[in-house]
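Novice: Quick one: this structure, given as structure tokens, is what I'll be asking you about.
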Amino acid sequence: LGAALAVTAAAAAAEALLGPYGALRAAVAVPGAAAAAAVLLRHGVRRFGGVTGDVFGGLAETAATTALLVPVLV
């Protein structure tokens, strides 16, 4: 939880330099990406009975895609 808060704060601080809504977009994108990855992880564990390298790859791709799409949509 501490790492997630630190990453969110760092992303918000970096994005604040780009405009007034940059911090808001970053503050929504980081937890959104983590939530999307958590949902996929639960599905992978339920479906496969554990995690595999493909599940971890899917988590990384899902989190990255969500982190890039959320700021565009907010």
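FYI, it's all coordinate maths here, none of it is from the lab. These figures come from a predicted structure and were not determined experimentally. No Cβ is skipped: glycine too gets one built from the backbone with ideal geometry, and neighbour counts run over all protein chains shown.
Novice: In the chain, what chymotrypsin sites (Phe, Trp or Tyr not before Pro) fall in a loop by DSSP, with at most 14 other Cβ atoms inside 10 Å? Display every interim value, and only then the final one.
Specialist: On the way: sites: Y21, F48, F56; in loops: Y21.
Hits after loop and neighbour filter: Y21.
Novice: Tell me the mean residue ellipticity at 222 nm calculated for the chain from its helices only (DSSP H runs of n ≥ 4, each -39500 (n - 2.57), averaged over every residue, nearest 500).
Specialist: About -29500 deg cm²/dmol.
Novice: Report, largest value first, the span of the C-alpha coordinates of the chain along each principal axis, in whole Å.
Specialist: Over the chain, Cα extents along the principal axes are 44, 26, 15 Å.
Novice: Give me the distance in nm between label points sitting 7 Å out from Cα along the Cα-to-Cβ direction at F56 and L73, one decimal.
Specialist: Reported label-point gap for F56 and L73 is 2.8 nm.
Novice: For the chain, calculate the relative contact order in percent as a whole number, restricting contacts to Cα pairs under 8 Å that are 6 or more residues apart.
Specialist: Value for the chain: 32 percent.
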